[in-house]
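Step one of this worksheet: look at the structure below.
Coordinate-derived values only; no laboratory data. Since the structure is predicted, the reported quantities are computational estimates derived from the model, not experimental observations. No Cβ is skipped: glycine too gets one built from the backbone with ideal geometry, and neighbour counts run over all protein chains shown.
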Amino acid sequence: MHEVSIDRLRCVGCGLCEETLPEVFQVDHVAADVIVSGVDGALIAEVAAVMHDCPVAAICVRPLLHPAADDDDQECDREEEHRNIRQYQREHRYAPNGHLVQPHHAERLQR
């Protein structure tokens, strides 16, 4: 069993994943979401192909070692995810509207 997740900070909502695998992905007006909790069997190969085709590398697939994780493990995962998000935000510059700013436009925001 594998867990599929979307980095909503990276996702641009292009719809490629939903178009290819609508049984796994769903795109709202902002970004994609995973609509199944675990993927296995032949479907994992299709998800891996979509992951490699994602233009912004927003899809992550990892083995689900303990399908029945307790609350402490889930809390640790949430804390790790929040740390990763904060690290990503520190490494990248964002405009006031939340969009990623290209490095050559960053000086304009500082004015």
(message) I'm trying to understand the selection: among the residues of segment 1-14, which are over 12 Å from the mean Cα position of the chain (by Cα) and either of a type outside the set (A, V, I, L, M, F, W, C) or assigned to a helix (DSSP H, G or I) (or both)?
(response) HIS2
(request) Just need a number here: residues in segment 35-62 that are under 11 Å from the mean Cα position of the chain (by Cα) and crowded, with 18+ Cβ neighbours inside 10 Å. (result) 3
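Please work out if ALA31 is among the small types (Gly, Ala, Ser), surrounded by 15 or more Cβ atoms within 10 Å (Cβ to Cβ) and out of contact with any strand residue (DSSP E or B) (no Cβ under 6 Å at 6 or more places or on another chain).
In short, yes.
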